[in-house]
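The values are calculated or read from the model by the stated rules, or taken from the named source; none is laboratory data. In this text the structure is predicted, and so the values were computed from the model without any measurement. Virtual Cβ from ideal backbone geometry, glycine too; neighbours counted across all protein chains shown. The protein model used for the area step is the full one, side chains on, heavy atoms only, and it has no ligands, DNA or RNA in it. Shrake-Rupley method; radii C 1.70, N 1.55, O 1.52, S 1.80 Å.
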Amino acid sequence: MKTPSAKSEAKPFVEDVEISGHIIDSLLLPKILDAIMAHKGTFEIRKISVGQRRLDPSYALVQVQADTEQQLREILDTISHHGAVAVDTCNCRLVAADVAGAFPEGFYSTTNQRTEVRIDGHWFPVDLQEMDCGIVIDVDRQTAQCVPMLDVRIGQMIVVGHVGIRMFPEERSASESGFEFMDSPVSTEKPKRVAARQVAEWLIKTKREGGKTLVVGGPAIVHTGSGEYLCELIRRGYVHRLFAGNALATHDIEQSIYGTSLGVHLERGDIIPSGHEHHLRTINTVRRAGGIRPAVEQGIINSGIMFECIKHNVDYLLAGSIRDDGPLTDVITDAVVAQGQMRERIRDVKFCLMLSTMLHSVAVGNLLPAWVQVVCVDINPSAVIKLADRGSFQTVPVVTDIEPFLRALLEELNRLEAS
């Protein structure tokens, strides 16, 4: 089969590529063919084998044709992100880093998909998979891993170009996660109770299999009176990591000390006189105590999300921003240091639940490999849209207010545990 626009005379530069897996139902093959034509190339499907059953893989051998070598390279670079692998594969090309904190020109920019590189005729997996990084090779040990730009050291062997690299896109259509009902575009008309049930099932599955669940939370959890629901998840062992900012921790501790969040009494809903000072007084109190843990140990903080994290040994990371008051002693104010610590602490995460925090959600989404299931709950549709736009395609969107969702989630957990 040839592209409809192909002329009778063949283009001078050609390359055969192979695509395998669930390339039909996941639409990988059409995406690859569209990409070839979008770059003004042509193609010929020289061989194709379609799986007869849903779980059967398919295979296609496609000849890519281009007018110039540069055009061919651009096409191959693009379709490699969809899993197309050149048949006549060479070893990956390596160039020594000559500047600390910078890649050599032409470096391979990674995705969040499983990736392998070819070294001395053999394929090796790339460790610590992450998007927007480079790949550093230890030639002696024959190992490969993603490395952020800032961590590049002079002399490290960095992969350049796309030769000797292959990717394995996640088979979205073959997923058994139970989230297929959410596969349509972002909408506020999704069945929230069903979504809560699916998340509850995933939390139970992750806990049962010994995996780690990461919660990325924003201050709306506290403002909406949802803090107790998250506390219950922590007490019952469903939360193993918590990433947040200064705001969530501050307003959570403010509620513990004053019963307010930004000066609003969470039980009565009225504004307390001089309540606007409470958040700053809370920060000051915690700083004088020496941090969140000392404040818990001294009895200053005796309830709330941070209290439960301390009591149940939940690993938390608070990353600051330029607009923070204080901040709390525990907040990491250097963004690069915070990102590095996040990178270290997500390596054993199997499930990530993002709750009402756009910026932290996008930041964490950029660090997670594609095979980590992500659910993003936010009343603002643009929060989950931004995640998808930045490459975290595995994110399941739930557009709703956080309080009714967490309430439904606890109810579904109770029902599932009882049964």
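Based on a Kirkwood Rh over C-alpha pairs, give the Stokes-Einstein translational diffusion coefficient of the chain at 4 °C and viscosity 1.567 mPa s in µm²/s. Estimated diffusion coefficient is 54 µm²/s. With 20 Å as the cut-off, how large is the P(r) tail for segment 1-141, expressed as percent of Cα-Cα pairs? Percentage above 20 Å: 54.
Heavy atoms of the protein chains alone define the surface here; on that basis segment 21-121 has 50 Å² accessible area per residue at 1.4 Å probe size. Computed packing ranks the peptides 384-390, 284-290, 227-233 as 227-233, 384-390, 284-290, most packed first, by mean other Cβ atoms within 10 Å. Under a no-solvent Debye model with one identical scatterer per Cα of segment 13-57, what's log10 I(q)/I(0) at q = 0.22 Å⁻¹? Result of the Debye calculation: -0.81. Charged neighbours of residue 147, selected by a Cβ distance under 14 Å, balance to -4 (K, R count +1; D, E count -1).
Ligands, DNA and RNA left out, the 1.4 Å accessible surface of segment 307-419 is 51% carbon and sulfur atoms.
Both numbers refer to the Cα atoms of segment 190-249; Rg and Dmax are 12.4, 33 Å. Surface composition of segment 20-165: carbon plus sulfur atoms hold 51% of the accessible area, using a 1.4 angstrom probe and ignoring ligands, DNA and RNA. Beyond 16 Å, how much of the Cα-Cα pair distribution for segment 69-161 remains, as a whole percent? Summing the P(r) of segment 69-161 above 16 Å gives 53 percent of all pairs.
The residue list 321, 68, 100 was ranked by how far each Cα lies along the charge dipole of the chain toward its positive end, using unit charges on Cβ atoms, and 321 comes out on top.
Between residue 208 and residue 411, the contour length at 0.36 nm per residue exceeds the alpha carbon distance by 71.2 nm. When each of the peptides 193-200, 115-122 is scored by how many other beta carbons lie within 10 Å of its residues on average, the order from highest to lowest is 193-200, 115-122.
Peptide packing for 301-309, 345-353, 99-107 was compared via the average number of neighbouring C-beta atoms within 10 Å per residue; ordered from the highest value, the list is 301-309, 345-353, 99-107. Summing charges over all other residues whose Cβ lies under 13 Å from the Cβ of residue 224, with Lys and Arg as +1 and Asp and Glu as -1, gives -4. Legend: residues 85, 337, 216, sorted from most to least accessible area (1.4 Å probe; ligands, DNA and RNA excluded), read 337, 85, 216. Work the Kirkwood hydrodynamic radius out for segment 325-419: mean of 1/r over every pair of different alpha-carbon atoms, inverted, in Å. Evaluated on segment 325-419, it is 14.8 Å.
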